[in-house]
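A short write-up of the structure that comes next.
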Amino acid sequence: MRHYPQGEPIRVRSRGDGRPLAFAWHGETHQVDSVEDVREPRVDWWAPTGEIHRVYWLVITHRGLVCEIYRDVADNGWYLGRRWD
């Protein structure tokens with residue numbers, strides 16, 4: 001597994017409800033074949049820097065790549081958080 005603590009920026013094409021359909025990373029487009037899990041934790045609401053609000057999607061691509069991607073609600077950006085080899 002590779003973990004990207006700061007998140008790797010990605011471009012995502014999604015449905016109206018936010019479900020990712022495909023994402024582009026390092027010049028390659030990855031079609032999302034299935035969504036295995038969705039979670040929306042809100043953490044550090046007590047921290048001086050403020051709350052972190054993200055929506056995480058565990059996806060499997062059409063090539064069998066397993067990734068955790070997330071949308072940062074504050075900046076509306078999408079990021080790759082982890083990928084499994």
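Go through region 62-81 residue by residue and tally those that are in a strand (DSSP E or B) and among the small types (Gly, Ala, Ser). Even if it seems obvious, please write down each step before you answer.
At the first step, the residues of region 62-81 found to be in a strand (DSSP E or B) are 66-72, 77-81.
Imposing the further condition that a residue be among the small types (Gly, Ala, Ser) reduces the set to 77, 81.
So the answer is 2.
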Pairs where the first residue, in region 64-83, is in contact (Cβ under 8 Å) with a residue 12 or more places away in the chain and within 17 Å of residue 43 (Cα to Cα) and the second is of a type outside the set (Lys, Arg) and assigned to a loop (DSSP other than H, G, I, E, B), C-beta under 9 Å, 6+ apart:
71/18; 73/40; 74/50; 74/51
Tally, over region 10-34, of residues that are part of a strand (DSSP E or B) and either β-branched (Val, Ile, Thr) or surrounded by 11 or more Cβ atoms within 10 Å (Cβ to Cβ) (or both):
16
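Does residue 54 meet the test of being buried (at least 17 other Cβ atoms within 10 Å of the Cβ), at pLDDT below 95 and either touching a strand residue (DSSP E or B) at 6+ places or on another chain (Cβ under 8 Å) or not hydroxyl-bearing (Ser, Thr, Tyr) (or both)? Reasoning before the result, please.
Values: buried (at least 17 other Cβ atoms within 10 Å of the Cβ): yes; at pLDDT below 95: yes; either touching a strand residue (DSSP E or B) at 6+ places or on another chain (Cβ under 8 Å) or not hydroxyl-bearing (Ser, Thr, Tyr) (or both): yes.
The answer is yes for residue 54.
The values are calculated or read from the model by the stated rules, or taken from the named source; none is laboratory data. Since the structure is predicted, the reported quantities are computational estimates derived from the model, not experimental observations. Reconstructed Cβ throughout: ideal geometry from the backbone, glycine too, with neighbour counts over all protein chains shown.
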